[in-house]
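Engineer: Below is a structure I'd like to ask you about.
Nothing in this text is a laboratory measurement; each read-out follows from the coordinates by a stated rule. Because the structure is a prediction, the values reported are computed rather than measured. Positions of Cβ are backbone-derived with ideal geometry, glycine not excepted, and every protein chain shown enters the neighbour counts.
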Amino acid sequence: MTALFRMLLFFTLFLGCALTALAEELPVDKDTGLIVAPGFEQVKATCTVCHSPMLITQNKADREGWLEMIRWMQEKQGLWQLEPSVENAILDYLAAHYGPTASSRRAPLNVTFPE
Ligand code: HEC
């Protein structure tokens, strides 16, 4: 390996890590532990009514998987019908931030548990 090639390789790796670190720096809501991004408000208002948001933050699924969980809760757990616009916002948010390809680093633990 030539020195130049090595330097290039090193630089590429370094840049990759730096970009990954930047991409992960989305703010996390202190009360829920959820990532603050478009759709967060709808998720907070809808999905923390019955259970801890930790059920969400410790899960990963693609859009279809999240839709299945929502349908399951609607069928079995008394989750109400969601407005299509709300449902879409929630699914976009969940697939983007709690999808299978999202960083495997979990959000910080929310140590004050909701009652
Ligand atoms: C009407 C009450 C209710 C609402 C509102 C609700 N859920 Fe649930 N959800 C439940 C119940 C009940 C369970 C089962 C809890 C358990 O097993 O301890 C559950 C379980 C889950 C699980 C775990 C599923 C699994 O396979 O273990 C996830 C993830 C989840 N809910 C996400 C959501 C999301 C996202 C929303 C917002 C769209 C939401 N919940 C809104 C009642 C609700």
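Engineer: Any residue in segment 74-100 that is under 22 Å from Gln58 (Cα atoms) and more than 8 Å from the ligand (Cβ to nearest atom) sitting within a Cβ distance under 9 Å of a residue that is of a type in the set (Lys, Arg) and not in a helix (DSSP H, G or I)? List the pairs, counting only those 6 or more apart or interchain.
Structural biologist: Tyr98/Lys60; Gly99/Lys60; Pro100/Lys60
Engineer: Determine whether segment 46-53 contains at least one residue that is more than 14 Å from Ala95 (Cβ to Cβ), near the ligand (Cβ under 6 Å from one of its atoms) and among the hydroxyl-bearing types (Ser, Thr, Tyr).
Structural biologist: Yes.
Engineer: On to the next question. Would you tally the residues in segment 82-94 being farther than 19 Å from Pro27 by Cα and either acidic (Asp, Glu) or not in a helix (DSSP H, G or I) (or both)?
Structural biologist: 3
Engineer: Identify the residue in segment 58-67 that is within 9 Å of the ligand (Cβ to nearest atom) and not aliphatic (A, V, I, L, M) and, among all such residues, is nearest to Tyr93 (Cα to Cα).
Structural biologist: Taking segment 58-67 first, the residues within 9 Å of the ligand (Cβ to nearest atom) are 58-59, 61, 66.
This time we only want the ones that are not aliphatic (A, V, I, L, M), so: 58-59, 66.
Details: Gln58: 15, Asn59: 13, Trp66: 10 Å.
My answer is Trp66.
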